[in-house]
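Report on the structure given below.
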Amino acid sequence: TTDAEDYLVAECEARITPCLDGTAALFDRFSSIPLCNGHHILADVSFLHGETCLRQNYQDAVLISPNEYTIWHDNDPATLDAQDYFIEQCSQRITSCASLDDLLVSFESVQSCADWHIRKDIESLANQVEGCRRGSDWDGVLLAKELLQREGSTEVPTRWWSQDSNEVTGYSVLSAKCESIIKPCVELETVHQGFVTAQYCDDNHVRHEIEISQDDQCRRNPYEDSILLTPSDYAIWGDDNLDTKDARIRLMNECSERIAPSFSLSALESDFAGINKCDYGHIKQKIEARQSDIPTTRRNGDAEAILLAGEILKRSDSSVLITTHLGLVNQLELENPDATYAVMSWGNQEGTYNPATLLQTSCEENIQSCISSLDLMDFTTIPYCAWNHIFALIRDNQHVDCTRHPDHDAPLIVRDFEMQENPDGALPALRPTWDNDPNSLSAQEYLVEMCLEEAESCVPSFDNLNFADIEYCTHHHITEEIVNQQPETCDRHPHLDATFLVRDHLYNNQDDPNYEPPLYVWHDNDPATENAYDYMMASCEDNITPCNQVEDLDFVNIENCNEHYVRAEIIEKQEGCSSDRHPHHDAMIMTDTDVWYNEDPNVDSALNVLQRKCEADITPCVSMETLDFRYIRNCDDHHIRVLIDDTREAMGASCPSYPKRNVYDEALLVTGADVWYDLDETTTNARDILVDYCLTKVESCILKREDSIEVNGCDYINFKEAVRIGTHDENNECRRNIDFEMYAMDRELGELFGKTSRQLLDETCTTAWSSFNVSTFD
């Protein structure tokens with residue numbers, strides 16, 4: 001029977017029309033389809049349907065396929081699937097979006113032949129083709145197929161990547177081709193040339209050398225390019241595994257083999273001769289000055305210093321290569337077993353060399369003093385063996401081009417002196433300019449000691465010091481005596497000159513030619529050192545001579561033994577003395593005492609000694625007995641003083657103390673009294689003694705006359721008047737007061753007759769009156 005369903009199906013199939021107008025439009029899209037599979041083919045069918053087609057995409061796909069394809073897809077092998085048909089048609093028409101030729105060109109500069117970088121280049125090329133709807137991985141599969149077809153291979157990759165390394169994939173094909181084409185952006189020779197002037201040969205600067213050599217079109221970073229610059233077995237930039245070969249290690253080694261200083265070590269060492277100081281700061285300045293004359297230099301002073309320090313090591317071992325990377329030195333030595341790597345480090349790490357230390361050692365070996373000849377270091381006339389004077393001596397004798405500070409030149413001068421003493425010995429180490437080490441000599445201490453040994457006194461001989469006539473043996477006067485003996489051209493301090501003078505004196509007065517006098521200081525409190533001051537003081541005390549001895553002082557005729565007159569006597573006796581010393585000092589010398597005067601009675605001063613001597617020697621010209629009081633005008637202090645002076649004056653040369661000694665002092669000596677006169681009951685007055693003595697010796701001026709006096713009447717009143725007249729006439733020099741003359745007369749008459757003048761007058765007048773006749777008067 002005929003079923004209605006079958007009828008209608010047949011009618012439908014005869015009349016049904018696909019939404020797509022055949023396969024042409026679909027086949028056109030196959031060239032850019034992402035992938036030839038059912039999903040992407042149906043997606044293209046849906047795209048071509050538009051919004052008006054109500055049919056499912058797979059239904060329409062069956063309608064436009066040949067009639068024998070009745071279903072889209074099933075698992076029945078007896079049926080023909082439209083999907084298989086379209087996949088086959090797609091495979092025949094699909095093409096890569098990217099150009100294989102363009103891709104192969106891009107492989108020359110690709111960053112690396114890794115999956116991502118190849119796909120990135122495929123994607124970049126595919127994006128240049130309008131309408132490409134394919135991912136870079138599937139486009140890569142198509143490009144791999146095309147490449148294999150070109151090369152005649154029958155292998156067909158079906159996917160981009162597989163975990164199975166034996167499977168042919170798009171990536172395996174293209175990466176292998178990439179590896180054969182890729183090349184570095186820079187020539188290895190160019191990099192090697194850059195290594196010569198590189199700053200350092202560490203990994204960073206090696207990378208930098210590659211980077212600056214890459215052209216602007218290079219799409220590769222220097223790490224990736226470094227791998228291309230090394231043999232194929234150097235597959236990575238670097239790791240810590242000693243078993244892998246790292247591009248950075250190989251390139252660092254190649255850099256170390258080629259890097260060189262901008263100028264020779266010998267050129268720097270020639271600069272060391274006149275360098276100010278062998279510290280790294282000054283060495284670096286010399287390096288940078290050299291660099292400034294080289295326009296191609298790319299290093300700073302520190303980097304250049306490392307290479308120059310390396311040149312020092314290479315002098316003793318030509319296999320030395322320089323690195324600054326302590327952590328990679330083992331890998332570097334594995335890379336180049338014939339080399340000896342020296343690690344440079346500023347931090348003095350164990351197993352490293354400090355470039356500053358190496359250069360400082362070289363500098364110290366080559367630096368030269370600014371003093372052209374050691375003869376210029378003439379200490380013989382230096383003013384003082386102190387550092388400031390030695391400093392000035394160095395400064396004044398440095399050659400005109402020298403800019404070195406004398407403090408820095410001192411260690412070099414000392415080394416020159418040491419080499420002069422031992423010319424065949426090793427180069428002595430430079431001493432520090434100054435340190436506080438008591439067990440070693442700094443350069444300053446060395447030169448000070450040398451100065452003390454070689455300096456000569458400005459005074460020709462110790463014997464030139466006139467200690468015999470020196471003012472006094474004191475610090476000041478000994479210093480003054482040294483100054484007086486120094487010539488005007490000498491500007492040395494006398495204390496220093498004294499130390500040289502004493503040493504020379506000791507040396508010249510020794511029979512032993514090997515005798516070396518000790519070093520003297522002027523004066524200190526250290527019992528272990530020899531003091532020139534003590535030596536000179538002893539010599540001064542042994543030789544100083546007073547202008548006179550105590551016995552030469554004329555204390556016999558001195559005015560009195562007071563300080564003033566004792567000093568005046570010393571001064572008087574100093575006249576003509578070769579020394580102009582102060583009388584106090586002369587007194588101290590002659591009495592062998594230490595002071596002129598001291599209030600302490602227990603201290604024997606020069607004044608005390610001389611006053612005792614004076615008091616023992618002083619002698620008056622007159623005495624109580626030699627003073628002629630008989631006819632003195634009056635026994636008062638005035639006329640007694642006149643009598644003393646008149647008596648001394650009359651003595652002439654036999655009284656040398658007159659008129660030097662005044663009458664009061666003479667009176668004190670004559671009487672032995674304490675004072676001339678005062679009201680103190682505890683003292684003895686010379687005036688009173690002399691007055692009393694005078695009153696016992698006075699005699700009458702009238703009685704000594706050879707003629708007589710005329711008395712107008714035989715009574716006492718007329719007698720006194722006659723005496724008064726008699727004492728004042730031209731025949732009498734007494735010219736006494738009448739009362740004093742009457743006293744003298746009475747004293748003398750009493751001594752002769754036991755009676756006074758009145759008594760004798762009464763007796764005489766009574767006798768006279770008895771010889772007259774008595775008249776009677778009315």
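The values are calculated or read from the model by the stated rules, or taken from the named source; none is laboratory data. Because the structure is predicted, anything quoted here is derived from the model rather than measured. Glycine also receives a Cβ, built like all others from the backbone with ideal geometry; neighbour counts cover every protein chain displayed. When the accessible area is computed, the model is the full protein with side chains, heavy atoms only, and any ligands, DNA or RNA have been set aside. Shrake-Rupley method; radii C 1.70, N 1.55, O 1.52, S 1.80 Å.
Structure notes:
- Nearest-10 value in Å² for the accessible area of residue 427, using the 1.4 Å probe: 80
- Beyond 32 Å in Cα-Cα separation lie the following of the pairs 245/286; 120/245; 183/314: 245/286; 183/314.
- Gyration tensor (alpha-carbon) shape descriptor, the stretch 256-321, a/c threshold 1.5: oblate
- Under 12 Å, Cβ to Cβ, from residue 244 - net charge with Lys/Arg +1 and Asp/Glu -1: -3
- Whole-angstrom gap from the stretch 662-729 to the stretch 110-158, using each part's C-alpha centre: 167
- Binned Cα-Cα distance frequencies in the stretch 529-584 - 5 Å width, integer %: 4, 17, 22, 17, 13, 10, 8, 5, 3, 1, 0
- Of all DSSP beta bridges confined to the chain, the antiparallel ones make up roughly 0%.
- Viscosity 0.890 mPa s, 25 °C: Kirkwood-radius Stokes-Einstein D of the stretch 357-504 over Cα pairs, µm²/s: 143
- Sparse packing (at most 10 other Cβ atoms within 10 Å of the Cβ) combined with a DSSP loop state is found for the following chymotrypsin sites (Phe, Trp or Tyr not before Pro) in the stretch 509-590: 515.
- Put the Cα centre of the stretch 308-347 next to the Cα centre of the stretch 46-82 and the gap is 76 Å.
- Charge dipole of the chain (Cα centre as origin; +1 on each Lys and Arg Cβ, -1 on each Asp and Glu Cβ, all else neutral): 2040 debye, rounded to the nearest 20.
- Cα gyration tensor category, rounded, prolate or oblate, for the stretch 301-345 with a/c compared to 1.5: oblate
- Peptide ranges 433-440, 646-653, 594-601, 723-730 listed from the most packed, as the mean C-beta count within 10 angstrom indicates: 723-730, 646-653, 594-601, 433-440
- Positive minus negative residues near residue 44 (Lys, Arg vs Asp, Glu; Cβ under 13 Å): +2
- Calculated FRET efficiency for the pair residue 285/residue 380, C-beta based, R₀ 41 Å, to 0.05: 0.65
- Extreme residue, positive dipole direction of the chain, given options 116, 62, 566 (C-beta unit charges): 62
- Top positive-direction residue, dipole computed over the chain with Cβ charges, set 413, 252, 650: 252
- Trypsin sites (Lys or Arg not before Pro) within the stretch 95-181, DSSP loop, no more than 10 other Cβ atoms inside 10 Å: none
- Qualifying GluC sites (Glu not before Pro) in the stretch 314-414, DSSP loop, other Cβ atoms within 10 Å at most 13: 350
- Euclidean distance of C-alpha centroids, the stretch 581-658 and the stretch 209-224, integer Å: 121
- Per-residue SASA remark: residue 284, around 60 Å² accessible (1.4 Å probe; ligands, DNA and RNA not included).
- Ranking 400, 414, 675 from most to least accessible surface, computed with a 1.4 Å probe over the protein chains only, gives 400, 675, 414.
- Nearest-0.05 FRET efficiency for residue 507 and residue 597, computed from C-beta distance (R0 41 Å): 0.45
- With contacts taken as Cα pairs under 8 Å at a separation of at least 6 residues, the stretch 597-656 carries a relative contact order of 24 percent.
- Within the same chain, aspartates and glutamates fewer than 8 places from residue 720 are excluded, and of the rest, those with a Cα less than 15 Å from its Cα are 710, 729, 739, 741, 746, 762.
- Put 362, 153 in order of accessible area, highest first, and with a 1.4 Å probe you get 153, 362.
- With Rh defined as the Kirkwood radius, the inverse of the mean 1/r over Cα pairs, the Rg/Rh of the stretch 1-62 is 1.12.
- Cα-based radius of gyration for the chain, normalised by 2.2 N^0.38 Å, reads 2.51.
- Rounded to 10°, Cα long-axis angle of helix 280-292 versus longest principal axis of the chain: 50
- Calculated from the alpha-carbon coordinates, the stretch 156-269 shows an Rg and a Dmax of 18.3, 71 Å respectively.
- Summing +1 for each Lys or Arg and -1 for each Asp or Glu among the other residues whose beta-carbon sits under 15 angstrom from that of residue 487 gives -4.
- For the stretch 575-658, a simple Cβ point-charge model (Lys and Arg +1, Asp and Glu -1, everything else neutral) yields a dipole of about 340 debye relative to the Cα centre.
- For residue 697, the lysines whose Cα falls under 18 Å of its own Cα, not counting residues fewer than eight places away in the same chain, are 755.
- Here's the list of lysines a cross-link from residue 573 could span, going by alpha-carbon distance under 20 Å and ignoring same-chain residues fewer than 8 apart: 613, 660.
- Within the chain, helix-based [θ] at 222 nm, where runs of 4 or more DSSP H residues each add -39,500 (n - 2.57), nearest 500: -15000 deg cm²/dmol
- Averaged over its residues, the stretch 546-655 has an accessible area of 51 Å² per residue, based on protein heavy atoms and a 1.4 Å probe.
- Carbon and sulfur %, accessible surface of the chain computed with the full protein complex present, 1.4 Å: 47
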